[in-house]
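The next block holds one structure in the form of structure tokens; read it before the comments.
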Amino acid sequence: TYATIKYSNSSSKKVGTYTVKVTLKGKYSGTKTLSYKINPRAVSIKKLTPALRAFTVKWSTTSSATGYQIQYATKSDFSNKDTITVKGYKNSSKKITYLRGKRKYYVRIRTYKTVGDKKYYSSWSSKSTVKTK
């Protein structure tokens with residue numbers, strides 16, 4: 001073999017940041033340390049239910065998360081967005097209130113996991129639309 005590879009932690013399948021150190025051997029020399037990040041599993045929106053100047057979001061849950069972030073906006077590019085944080089991985093729905101009536105909203109969700117004092121985020125789900133009553 002021309003190199004040895006050493007991982008920083010044996011539990012590197014959990015959410016967090018880890019390092020790999022590659023050391024060349026024999027007639028090759030040098031070392032390189034690289035880091036990689038494992039993010040929590042993403043979830044998707046199951047159902048959007050319109051209500052009077054409000055809507056309810058339901059999503060699939062995952063035990064690899066500390067909580068969820070829900071973003072909603074009236075523009076499809078989320079340029080004028082609001083973000084709501086829902087703590088606890090067992091929560092699977094949230095009612096968003098105090099909205100404008102008869103307005104189309106774009107909604108997406110992602111998970112987050114807190115490891116130590118750092119938060120790791122999954123990718124955003126695909127956007128869904130709902131029209132308030």
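Here are some notes:
- Among the residues of region 102-128, those identified as loosely packed, with under 11 Cβ neighbours inside 10 Å and within 18 Å of T56 (Cα to Cα) are K102, S126.
- Scanning region 15-40 for residues that are within 30 Å of K94 (Cα to Cα) and out of contact with any Lys or Arg (no Cβ under 9 Å at 6 or more places or on another chain) yields one hit, K37.
- Identity of the residue in region 85-101, touching a Phe, Trp or Tyr at 6+ places or on another chain (Cβ under 8 Å) and exposed (fewer than 14 other Cβ atoms within 10 Å of the Cβ), that ends up nearest to T62 (Cα to Cα): N91
- Filtering region 83-130 to residues that are closer than 16 Å to Q71 by Cβ, in contact (Cβ under 8 Å) with a residue 40 or more places away in the chain, polar (S, T, N, Q) and not in a loop (DSSP other than H, G, I, E, B) leaves T111, S128, T129.
- Residue match in region 23-40 (condition: over 17 Å from S123 (Cβ atoms), surrounded by 13 or more Cβ atoms within 10 Å (Cβ to Cβ), at pLDDT below 95 and in contact with a strand residue (DSSP E or B) (Cβ under 6 Å, 6 or more places away or on another chain)): yes
- Boolean, I70 is surrounded by 13 or more Cβ atoms within 10 Å (Cβ to Cβ), under 13 Å from the mean Cα position of the chain (by Cα) and touching a residue at least 24 places away in the same chain (Cβ under 8 Å): yes
- Annotation note: of K75, K133, the sole residue that is basic (K, R), free of Cβ contacts under 8 Å to residues at least 40 places away in the same chain and assigned to a loop (DSSP other than H, G, I, E, B) is K75.
- Residue satisfying all of: in region 46-67; open to solvent by less than 30 Å² (accessible area, probe 1.4 Å) and not in a loop (DSSP other than H, G, I, E, B); nearest to V15 (Cα to Cα) among these: G67
The values are calculated or read from the model by the stated rules, or taken from the named source; none is laboratory data. Here the structure is a predicted model, which means the values were calculated and not measured. Cβ coordinates were reconstructed from backbone atoms using ideal geometry, including for glycine residues, and neighbour counts include every protein chain displayed. Please note that ligands, DNA and RNA were not included when accessible areas were found on the heavy atoms of the full protein model with its side chains. Shrake-Rupley method; radii C 1.70, N 1.55, O 1.52, S 1.80 Å.
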